[in-house]
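One structure, pasted below without further comment.
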Amino acid sequence: MIIGHYRQLQLLDIHMRSGTMSHAYLFSGARHVGKMAFAKKVAAALLCEKKETGTETLFSCGMCRACVMTKAGTHPDMVVVDAEQTGETTLHLEDIQQVREQAALSAYGGTRVFIIRDISRITREAANAFLKVLEEPRGRVLFLLLACTADDVLQTIRSRVWHVRFWPLSESALAAGLEKEHRLSSEQAARVARLAGGFPGVAIRLITSVDEQKLLEKEHTHVHALCGASIAERMKYAEKLRENPEGMQKWFTESIAILANRVHTALSQNNSEAVIAADQCKMLMEHEEQFLKPYGVKRIMFEDALIRTGFTG
C-alpha cells in the first residue's frame, strides 16, 4: 500500500508496461518517506502472477501465491539486503558476494528483485564488487537501491542507475491517503498527517498508537519553540541530549517534517519562503545522513544542524 508518490508510481509503471525497465534504480529521500514500501510495491507488481489483468498503476492482485509470498517477505525472487537486520552498520563484501551468487541463479517467477537498504553505507571494497554486478547484469535481475541522500552514494554507482527522488507529502495529500487506505475520519487523518509532517512511515506508526501520538504532539510543539530560540538556548538543549542519540534523531525527523510542510504550504501560496525552507530541509537531510553513519561524529552534526535551522514556530 502506497500513500502519495504518484509521479514515482507513474514513472515505474510506464517503464514496466513499455518494457523499458532499467536494471537498477536508486530511490533517495528522508527516512520514513516511504522508499522501502515503494520498493516492495515495485517488486509485487513485477512478481504478481496476474499482473496483466490489472489496469491500475503498478498493479498487483494481492491474492495470487506470488503476492501472498511477497507480502510475507518469503518470495524467493525478492531479496532484501538490510545490514541493520543483522546488527551490522555497513554493507560488507560478504553481503555483495551473496547478492552476486543469488543473482546468478534462475528466477522462480521470471524476475529476481534485490532491495538494498542504505546503499550509502557500503564499504569501498564491497562497492567495487557491486559495480561488477551492475555492469554485468545476468538475466532478468532488478536492483532497487535505497538511500537518504543521493550525494552520499558513490558516483560510480549513481552513474549506473536510474535515480528517483522522494519527498515528504503535503499534509492534505497524506491525510487524503490515510482516509482512503486506513479508513480514518477526516479529523483523525488530519491530526495524524499534521503530526507525521508528510512522512507516511511516521503516520502508519501513529495510527497504531495513541501514546505515540501524544508523545509526538509534545515533541512537535517543543521543536517549534526550540527552533525559534536563541543560540545559547539551543546549545543548552544540545548539551541536554549529549548522551541521547535517539533524542537527536527525533529532533532531525521532526524538524525535517516541519520544514517539508512549510515548503508545500509556501509553494501553494507562491511564497518566496519555499526556497529558504527547501534549502534548510536539504541541509538537515544531509546532516541526518552523516549523523546516521556508523563512524559519523553524531554530536557535531546535531549541534551544527541545530544552530543553522532558524525557522520559528
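Read-outs: derived from the displayed coordinates by stated rules, not from any lab. Bear in mind that the values here come from a model prediction, so they are computed numbers and not experimental data. Note that each Cβ is placed from the backbone with ideal geometry, even for glycine, and that neighbours are counted across all protein chains shown.
Distance check, please: which entries in 50/180; 51/282; 71/250; 236/282; 51/180; 132/250 exceed 27 angstrom between their Cα atoms?
Over 27 Å Cα-Cα: 51/282; 71/250; 132/250.
Turning to a different aspect of this structure: Modelling each spin label as a point 7 Å along the Cα-to-Cβ direction, I'd like the residue 7/residue 64 distance in nm, to one decimal.
Taking the simple label geometry, residue 7 and residue 64 are separated by 3.1 nm.
Taking the Cβ of each residue in 204, 256 as the centre, tally the other Cβ atoms inside 10 Å and list the residues starting with the fewest.
Going from least to most buried by this count: 204, 256.
So for segment 54-126, considering every pair of alpha-carbon atoms, how many percent are separated by more than 19 Å?
Numbers: 1188 of 2628 pairs.
I get 45 percent for the Cα pairs in segment 54-126 exceeding 19 Å.
Sorted from fewest to most neighbouring beta carbons within 10 Å, what does the list 6, 25 look like?
6, 25
Using the number of other C-beta atoms within 10 angstrom as an exposure proxy, rank 70, 89, 208 with the fewest first. All intermediate terms of the calculation are to be shown ahead of the outcome.
Numbers: 70 25, 89 12, 208 9.
Ascending number of Cβ neighbours within 10 Å: 208, 89, 70.
Non-local amide H neighbours of residue 115 (under 5 Å, H modeled in plane, Pro and chain starts lacking H): which ones?
Those lying under 5 Å, H to H, from residue 115 are 79, 80, 81, 144.
Name the residues whose placed amide hydrogens come within less than 5 Å of the amide hydrogen of residue 122, ignoring near sequence neighbours (fewer than 5 apart) on the same chain.
91
Between residue 105 and residue 128, 0.36 nm times their residue separation minus their Cα-Cα distance comes to what?
Result for the pair: 6.2 nm of gain on full extension.
How large is ³J(HN,Hα) for each residue in segment 105-113, as worked out from phi by the Karplus curve 6.51 cos²θ - 1.76 cosθ + 1.60 (θ = phi - 60°), to whole Hz, x for Gly and Pro?
Karplus values, whole Hz, x for Gly and Pro: 7, 5, 6, 5, x, x, 9, 10, 10.
Additional query: Counting pairs of Cα atoms in segment 6-165, how many percent are more than 20 Å apart?
48 percent
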